[in-house]
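Every number here is computed from the coordinates shown, using simple stated rules; none is lab data. Predicted model only: the values in this text are computed from it and were never measured. A quick note on method: Cβ atoms are made from the backbone with ideal geometry, for glycine too, and the neighbour counts reach across all protein chains shown.
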Amino acid sequence: MRALFSFFICLLMGLTVLTERGSAWAPQEGTRTDWPTHRGDLRRSGVSPSTLEVPRLAPQWSWASTHGPSPAWPGPARWDAYAGLAGLSSMRNYDPVFHPSVAAGRVYFGSSSEDAVFCLDAVSGQTLWRHPVGGPVRVTPHVQGGRVFFGSDDGSAYCVDAISGERVWRVAGQPDAARIWNNGRMISTHPVRTGVCVIGERAVFGASLLPWESSAIIAVDAETGSVDAPGCYRRTLGAGMTLEGTMAVAGDLLVVPQGRVAPLLLDHVRGESRGSLAGGGGSFCIIDPEGGVLHGPGNKDGWITDSKGTGGESVASYSKGTAMVVGEHVAYMLSPGQLGALDRPTQSILWTVETSCSDSLIMVGSWLVLGGMGRVEAAERSSGKRRCQGGCMVWPARRANCSSLPTKVF
């Protein structure tokens, strides 16, 4: 039976799934049809090789949250008086919605308002379990080996069973961390806002928030949660860092967003700092097919910095970029009100089109899927032409976030 496609939209107040009209999606256990982590893989590519029949998409189910997300930061400043700039970019906008992962016919996401991770049936939308913790869960869970890994503002990383939701282990990032008042609740001075990356047999995460406090990088045995297992560690990195936002993996290095300053480079094998990238801050970070790093949006009115490899050398910057995906030699970028395609070897613009979706961007086969304020659009990669009959969906919500997986798009 040929693969059927689903389209998953994470709204500010809930989740909506679209599938092809007349189709019933049958999940497959343990196959490459999964989308197990943020933007699909540890490179955070946001790319799915599947095909997508946009005109046939139709709503299948929706899930509504009791409370909308409670982001860690309120958004950008309204005005830079010194530089005379308005319309500033948000450099810590990594949790405005509930970001989902999908594996073996189930949808998993953390809630920053209900302090829990949820598991839904991907076919019906029925809630299968809810695992409460001691603080907001801001970053997409990582699903691997029948387990779900995530971090919380309570200062701990967790592993729970993917089927039952029962806890397997919990590890504090900084065991002696104090508690502070933040966003109307008590949280750790060292929340786990990096998410948890499962790399081989280890689960790696950071614990950090206040730049005058020491940050930590922790690697534990993914099976047991032991920090004393071979190759595992708890390293203190020193002060002056704020590790928050989804980490990306480039070989032996972690690229860790820091919000107001450029991403940090960490050797995840040794748990040691390798300095920082050039360019501005932000919480958006991907590794391109050649091993380069794209991150942003930068300070002021925003940009995406293009670095050659992880040596820190900046080779280009793209003004006002808010999201990006990279294909073979071509990068597709969102900026406020605009979607464009860029030939990277020549740095020439191939096409630009106007759009009302400027928040989220993924690539599914020959289509680009865009998320915006209560709206989702699909555009052809070759031209940017949009197909709105069945390809443009509008919901009464503030913001939509797009996620995808091979042979299905959620």
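Give me the extension gain from Glu380 to Gln338: residue separation times 0.36 nm, minus the current Cα-Cα distance, reported in nm with one decimal.
13.7 nm
Stretched out fully, how many nm does the piece from Ser317 to Met373 gain, at 0.36 nm a residue minus the Cα gap?
Roughly 17.6 nm would be gained on extension.
So what is the orientation-averaged projected area of the range 214-325, using the convex hull of its C-alpha atoms, in nm²?
7.2
Percent of Cα-Cα pairs per 5 Å bin, from 0 to the last occupied bin, for the range 213-276, please list those.
4, 18, 27, 26, 17, 7, 2
Give me the one-decimal Kirkwood hydrodynamic radius in Å for the range 271-360, with the sum taken over alpha-carbon pairs.
Radius from the Kirkwood sum: 13.3 Å.
At 7 Å along the Cα-to-beta-carbon direction for both Thr352 and Trp73, put a label point, then send me their distance in nm to one decimal.
Here the modelled spin labels are 2.6 nm apart.
Only loop residues by DSSP count here, and only those with at most 12 other Cβ atoms within 10 Å; note down the GluC sites (Glu not before Pro) in the range 166-218 that meet that.
Those that pass, being in a loop and sparsely packed, are Glu166.
State the Kirkwood hydrodynamic radius of the range 114-241 in Å, one decimal place, computed from all pairs of distinct Cα atoms.
For the range 114-241, the Kirkwood estimate is 14.9 Å.
Given a Förster radius of 41 Å and the C-beta distance between Ile180 and Trp61 as r, what FRET efficiency does 1/(1 + (r/R0)^6) yield to the nearest 0.05?
0.60
For the range 209-290, give the magnitude of the charge dipole about the Cα centre (Cβ charges: +1 Lys/Arg, -1 Asp/Glu; no others), in debye to the nearest 20.
For the range 209-290, the charge dipole is close to 280 debye.
Could you rank the peptides 169-178, 91-100 by their average count of other C-beta atoms within 10 Å per residue, with the highest value first?
Taking the mean over residues of other Cβ atoms within 10 Å, the ranking is 91-100, 169-178.
Determine by what factor the alpha-carbon radius of gyration of the range 85-134 differs from 2.2 N^0.38 Å, reporting the quotient.
That ratio works out to 1.50.
What Kirkwood radius, in Å to one decimal, follows from the Cα pairs of the range 155-209?
One decimal place: 12.3 Å for the Kirkwood radius.
Binned at 10 Å from 0, what are the whole-percent values of the Cα-Cα distance distribution for the range 172-244, short to long?
Percent of pairs per bin, in order: 22, 49, 25, 4.
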